[in-house]
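Here the structure comes first, spelled out in structure tokens, and everything after it is commentary.
The values are calculated or read from the model by the stated rules, or taken from the named source; none is laboratory data. Predicted model only: the values in this text are computed from it and were never measured. As a convention, Cβ positions derive from the backbone with ideal geometry for all residues, glycine included, and neighbour counts pool all protein chains shown. Heavy atoms of the whole protein, side chains included, go into the accessibility calculation; ligands, DNA and RNA do not. Shrake-Rupley method; radii C 1.70, N 1.55, O 1.52, S 1.80 Å.
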Amino acid sequence: MNNRSLRDLKPGEKAIVCKVSGSGPIRRRILDMGILPGSEVQMERYAPMGDPVEIKIKGYYLSLRKNEAATIILA
Amino acid sequence: MKKHITIALAGNPNTGKTTIFNNLTGARQHVGNYPGVTVERKEGSVNYGPYQIKIIDLPGTYSLTAFSPDELLARQVIIEEKPDIIVNIIDAYNLERNLYLTVQLKELGIPMLLAFNMTDMIAARGIHIDYPLMEKLLGSKIIPTVGLKNVGSQEILKSVVELYEKINIPSERDLFYEVELEKEIVGLQRILQETAVGEVELAAAQDKANRWLAVKLLENDNDIINKFKTSDAWPDITRQVEKSQKKLQDLYREEPEMLIAHGRYAFIRGVLKEAVSYPGDDRVTLTEKIDNILLNRIVGLPIFLAMMWLLFQLTFTLGAPPMEWIEAGFGWLGERMADIMPDGLLQSLIVDGIIGGVGGVVVFLPNILLLFLGIALLEDTGYMSRAAFLMDKVMHRTGLHGKSFVPMLIGFGCSIPAIMASRTLENERDRLATMLVTPLISCGAKLPVYVLLIAAFFSDKVAGNILFSIYILGILMALLLAKVFRKWLLPGETEPFVMELPPYRFPTFKALLIHMWERAWLYLQKAGTIILAASILMWGLFTFPQHDANGVEFNDPVQQLEQSYAGRVGHLIEGVISPLGFDWKVGVALVSGVAAKEVIVSTMGTVYSIMDIDSLEEGEIQTVSSFSERAREQSGMTPLVAYVLMIFTLLYIPCMAALAVMRRETNGWKWPLFTVGYTLVLAWTVSFSIYQVGLLLGIGV
């Protein structure tokens, strides 16, 4: 599947990050938090109202909005 | 004479940095603000041997970019205040991400110690760290600590002194990037060396400083670029930076920013691979189990609402009896003073101005202590981030952060703790916007005004709906204004909601106490003095002058009130408020409401010559109906005007205590004054529209 993003993962699914698109402080923050090409991410859950989402990365839990998750392209 | 060492505590949020700071300094700490921003600055000191060690607690950060104000601030402290040693607090349970900050701190070239915190948790999990090897690989001494049990604090101090005296230091080890990137860094470093623009004085040797600058320039760091822009060598430097960036982009198909982040994480992974052994199993952690319930799609929100209800009850219901005792205590004190002092101005100043004013400050203490106990519990256990996670979708629509929910909720009780609660928001713009709109939420002190006016002008049948409509209007206005402010007044990209959900932890009793004490002290010291001064000023406005133009003393309280400065203000603003259906008497009541909203009730009692103010405040039927009769007779007040008055009370100037707290939180008068201005305009506009529409449709006239 092409251009699948973190947003499309179902809770419990794992994937490898291929690219972090987007720009500016948000992208920078995502990189700083360890979401880099080659890292493994796991979708943990969606918030009860559907947004934001919780993921597991580098052994810790991180939440981000779906819009931001959509900038993280998966391999 | 003690010798001085300055150390800075750096680390990610949620690493137990504050706990270690508390362990090191005990009560000897000072909380203030960084100049010009609302970020808190904590400092403390401790004596160790012949040294006095000053400890600066830097804002918790994940990185050291110039994008986030907290990170920029942490960097500025390191660069400008030149601490002798950085102590980097690291969550040993979460090494990979924590060490990302560590490698950036290392690049600054300042002697550094690493405190691996929460080592009890990694032991329990079966993770083994080879400390000597890790020290060698990272080039810094490591001290295992357990902040919550105060393990390792003495070792930190001992190692600080050893490092300062240059005993027992591991050999430095630098982080190297990919070959081509490294070539560009070295090239840029050379230009910086030649042009000697590297005047950003780091405590480190100049070659280290230049290397750091080279990396920052390749990362497009705005703060550094702005510093160099004016230098003569800038064109040369920028040409080289662009050339390097382009070269790297072509070579790796990635921007240097990404390459650098990659390089850092690759280095960290290498270190971890060598020095740490993880158990093979991937057990479900306790945190995961708790989150399966607390963040559950079905029960997550109800549990959250129940928690908020508990927080509200804790603050206001549990806080009510001590507030009554404080009020009764100050009332008793006032009466005793009135007994022993002769009647007159001095007695009035002491009883009404000073004792009343101090009482008005102290009375909020139970609320503040209890609220911050609750907030400290939410934050220290880790639930606060979950609350933000659950509420973000709703709050994001208004341009605010999920965490804004807590201050807004507390606003229903009282704006003062609510404004103080807004500091749980990390982003300054979110914090300001939250603070600015919190007073629009209908607080507890406005309720007596509604109750009186509703009882006097409306039937029991509609009373509930009227009250409900006012509360709803307050919420809508707060959300609307938040959106407006976030869009035009405090523009900027919405804060990335990239937030860690830290593992759940048991808070310590000591941390809770320190947290409560800090807030209470800040409130008493900084806001209390202003509230007291303002109370005395208000007393003066309502007490003077005592004589008419002919020197005859006023006997009639209504006449005295009308002639007082406050009464004159009431007359003065009559022209402005008459389009809302208010006359000068309402004007005086509104002026008095700036002291505290509930005062409107007693002032209206006085202007309408209701002698028995107590029974008016208690809402006794006869007094209330005589109040409504007189208000109708003397002001021609209709149910419509009464409704508009409630709306105006809801929206206009926050009470002076709230303004004083806002001043303290924002570090200046700019935002409180802005709030006065915008709430007046808003209150007038909304009231005017409702009044005119009401008149037009003939509702309640």
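Please report, to two decimal places, log10 I(q)/I(0) for the range B:547-697 at q = 0.11, 0.12, 0.17 Å⁻¹ as given by the Debye formula with identical point scatterers on the Cα atoms and no solvent.
-0.47, -0.56, -1.04
State, in square angstrom and to the nearest 100, the accessible area buried between chains B and A, both chains counted, probe radius 1.4 Å.
That pair hides around 3800 Å² of surface in total.
Rounded to the nearest 20 Debye, what is the dipole magnitude of the protein assembly as shown about its Cα centre when Lys and Arg each give +1 and Asp and Glu each give -1 at the C-beta?
1960
Assign unit charges at the C-beta atoms only (+1 for Lys and Arg, -1 for Asp and Glu), then state the dipole size of chain B relative to its Cα centre in Debye, rounded to the nearest 20.
1200
Please turn the phi angles of the range B:132-137 into ³J(HN,Hα) values with the Karplus equation 6.51 cos²θ - 1.76 cosθ + 1.60 (θ = phi - 60°), one per residue in order, whole Hz, x for glycine and proline.
Rounded to whole hertz, the list is x, 5, 4, 4, 5, 5.
Considering only DSSP beta bridges with both partners in the range B:3-164, what is the antiparallel share in %, to the nearest 5?
Once the DSSP bridges in the range B:3-164 are tallied, antiparallel ones form about 35 percent.
Give me the percent relative contact order of the range B:227-374, please, defined on Cα pairs under 8 angstrom at least 6 residues apart.
Reported as a whole number, the value is 20 percent.
Determine ³J(HN,Hα), in whole Hz, for all residues of the range A:29-35 in sequence, where each value follows from phi through the Karplus function 6.51 cos²θ - 1.76 cosθ + 1.60 and θ = phi - 60°; x replaces Gly and Pro.
5, 4, 5, 4, 7, x, 8
Which of the peptides B:675-681, B:84-90 is most tightly packed, and how do the rest follow, judged by the mean count of other Cβ atoms within 10 Å per residue?
B:84-90, B:675-681
Rg and Dmax of chain A over Cα atoms: what are they, in angstrom?
11.0, 30
Taking all protein chains as present, what is the carbon and sulfur share of the accessible area of the range B:417-499, in % to the nearest whole number, probe 1.4 Å?
Answer for the range B:417-499: carbon and sulfur cover 68 percent of the accessible area.
Roll a 1.4 Å probe over the protein heavy atoms and report the accessible area of B:Lys3 in Å², nearest 10.
110
For chain B, what is the accessible area per residue in Å² when the probe is 1.4 Å?
Accessible surface, normalised per residue, equals 43 Å².
Expressed as cubic angstrom per residue, what is the convex hull volume of the alpha carbon set of the range B:517-584?
Dividing the Cα hull volume of the range B:517-584 by its residue count gives 131 Å³.
Give me the orientation-averaged projected area of the Cα convex hull of chain B, in nm², one decimal.
Hull-based average projected area comes out at 38.7 nm².
Work out, in µm²/s and without decimals, the Stokes-Einstein translational diffusion coefficient of the protein assembly as shown at 37 °C, 0.692 mPa s, Rh from Kirkwood over C-alpha pairs.
Roughly 112 µm²/s, to the nearest whole number.
Given a Förster radius of 56 Å and the C-beta distance between B:Ile167 and B:Glu324 as r, what FRET efficiency does 1/(1 + (r/R0)^6) yield to the nearest 0.05?
The calculated FRET efficiency here is 0.40.
Size of the dipole of chain A about the Cα centre, Lys and Arg at +1 and Asp and Glu at -1 on the beta carbon, nothing else charged, in debye to 20?
120
First compute the accessible area of the range A:6-74 with a 1.4 Å probe, then give the percent of it belonging to carbon and sulfur atoms.
Percent of accessible area from carbon and sulfur atoms in the range A:6-74: 49.
In deg cm²/dmol and to the nearest 500, what is the mean residue ellipticity at 222 nm of the protein assembly as shown if only DSSP H runs of at least 4 residues count, each as -39500 (n - 2.57), divided by the residue total?
Dividing the helical sum by the residues of the protein assembly as shown leaves -17500 deg cm²/dmol.
Count neighbours as other Cβ atoms within 10 Å of each site's Cβ, and list the chymotrypsin sites (Phe, Trp or Tyr not before Pro) in the range B:78-135 that are DSSP loop with at most 13 such neighbours.
In loop regions of the range B:78-135 (DSSP not H, G, I, E or B), there are no sparsely surrounded chymotrypsin sites (Phe, Trp or Tyr not before Pro).
Where the centre of each part is set by its Cα atoms, how far does the range B:121-150 sit from the range B:554-606, in angstrom?
67
So who's got an amide H within less than 5 Å of the one on B:Glu426, skipping anything under 5 residues away but keeping other chains? H placed 1.01 Å off N, in plane.
none
I'd like the distance separating the alpha-carbon centroids of the range B:629-654 and the range B:675-701, in whole Å.
Each part's Cα centre sits 11 Å from the other's.
Threshold 20 Å², probe 1.4 Å: give the residues of the range A:15-39, in number order, that are less accessible with all protein chains present than with their chain alone.
A:Pro25, A:Ile26, A:Arg27, A:Arg28, A:Arg29, A:Leu31, A:Asp32, A:Met33, A:Leu36, A:Pro37
Run the quick spin-label model on B:Ile350 and B:Ala463: label points 7 Å from Cα toward the beta carbon, then report their separation in nm to one decimal.
Result: 4.2 nm between the two label points.
How much of the accessible area of the range B:535-657, in percent, comes from carbon and sulfur atoms when a 1.4 Å probe is used?
55
How many angstrom lie between the C-alpha centres of the range B:63-118 and the range B:390-422?
Going from one Cα centre to the other spans 30 Å.
Show me the ranking of peptides B:544-556, B:426-438, B:470-482, B:656-668 by mean Cβ neighbours inside 10 Å, starting with the highest.
With the highest mean Cβ count within 10 Å placed first, the list reads B:426-438, B:656-668, B:470-482, B:544-556.
Give me the net charge for the shell around B:Val588: Cβ to Cβ below 12 angstrom, other residues only, Lys and Arg +1, Asp and Glu -1.
-1
Using 0.36 nm per residue of separation minus the Cα-Cα distance, give me the extension gain between B:Lys246 and B:Asp556 in nm, one decimal.
That pair, B:Lys246 and B:Asp556, stretches by 103.1 nm at full extension.
Radius of gyration and Dmax for the range B:1-158's Cα atoms, expressed in Å?
Over the range B:1-158's Cα set, Rg and Dmax evaluate to 15.0, 47 Å.
Pull out the extension gain between B:Leu537 and B:Asn226, defined as 0.36 nm times the separation in residues minus the alpha carbon to alpha carbon distance; nm, one decimal.
Extra length available between B:Leu537 and B:Asn226 comes to 107.3 nm.
Shielding of B:392-404 by partners, i.e. mean partner chain Cβ atoms within 10 Å per residue?
Taking the mean over all residues of the peptide, I get 2.
For the pair B:Tyr278 and B:Ile613, how long in nm is the line joining their label points, each one 7 Å along Cα→Cβ?
6.8
Between B:Val569 and B:Thr317, how high is the FRET efficiency from 1/(1 + (r/R0)^6) when r is the Cβ-Cβ distance and R₀ = 41 Å? Nearest 0.05.
About 0.65, to the nearest 0.05.
In what sequence, highest mean first, do B:66-72, B:572-578 appear when ranked by Cβ atoms within 10 angstrom?
The packing order, highest mean first, is B:66-72, B:572-578.
What are the residues whose amide H is under 5 Å from the amide H of A:Ser39, where those residues sit 5 or more places off or on another chain and H is modelled from the backbone?
Result for A:Ser39 returns A:Val17.
Toward the positive end of the charge dipole of the range B:179-277, about the Cα centre and with charges on Cβ (Lys, Arg +1; Asp, Glu -1), which of B:Ile260, B:Val186, B:Ala214 goes farthest?
The Cα lying farthest towards the positive end belongs to B:Ile260.
Considering the options B:Thr145, B:Thr61, B:Ala92, tell which one lies farthest towards the positive end of the dipole of the range B:3-164, charges being +1 on Lys and Arg and -1 on Asp and Glu at the Cβ, about the Cα centre.
After comparing all options, I get B:Thr145.
Considering only chain B, what is the antiparallel percent among its DSSP beta bridges, to the nearest 5?
Antiparallel bridges: around 40 percent, rounded to the nearest 5.
Can you tally the net charge around B:Pro507? Count Lys and Arg as +1, Asp and Glu as -1, for every other residue whose Cβ sits under 12 Å from the Cβ of B:Pro507.
Summing Lys and Arg as +1 and Asp and Glu as -1 gives 0.
Taking every residue in A:43-51, how many Cβ atoms of other protein chains lie within 10 Å of its Cβ, on average?
Counting Cβ atoms of other protein chains within 10 Å of each residue's Cβ and averaging gives 6.
Of A:Gln42, A:Gly59, A:Ile72, which is farthest towards the positive pole of the range A:6-74's charge dipole, taken about the Cα centre with +1 and -1 on the beta-carbons of Lys, Arg and Asp, Glu respectively?
Among A:Gln42, A:Gly59, A:Ile72, the one farthest towards the positive end of the dipole of the range A:6-74 is A:Ile72.
Within the set B:Lys141/B:Lys208; B:Lys166/B:Lys227; B:Lys487/B:Lys670; B:Lys42/B:Lys166; B:Lys141/B:Lys273; A:Lys56/B:Lys273, which residue pairs have Cα atoms separated by over 23 Å?
B:Lys166/B:Lys227; B:Lys42/B:Lys166
For the range B:247-383, rounded, prolate or oblate, judged on the Cα gyration tensor with a ≥ b ≥ c (square roots of eigenvalues), a/c < 1.5 rounded, else prolate if a/b > b/c?
Prolate, since a/c reaches 1.5 and a/b exceeds b/c.
Using 7 Å Cα-to-Cβ label points, what is the B:Gln692/B:Leu133 separation (nm, one decimal)?
7.9
Do any chymotrypsin sites (Phe, Trp or Tyr not before Pro) in the range A:1-74 lie in a loop, going by DSSP, with at most 14 other beta-carbon atoms within 10 Å of their beta carbon, and if so which?
Taking the range A:1-74 and a limit of 14 other Cβ atoms within 10 Å, no loop chymotrypsin sites (Phe, Trp or Tyr not before Pro) are found.
If you stretched the chain out fully between B:Ala338 and B:Leu480, how much longer would it get, using 0.36 nm times the residue separation minus the C-alpha to C-alpha distance?
Result: 46.3 nm gained on full extension.
Efficiency by 1/(1 + (r/R0)^6): what FRET value for B:Trp488 and B:Gln546, r their Cβ-Cβ distance, R0 = 51 Å, to the nearest 0.05?
FRET efficiency, B:Trp488 to B:Gln546: 0.60.
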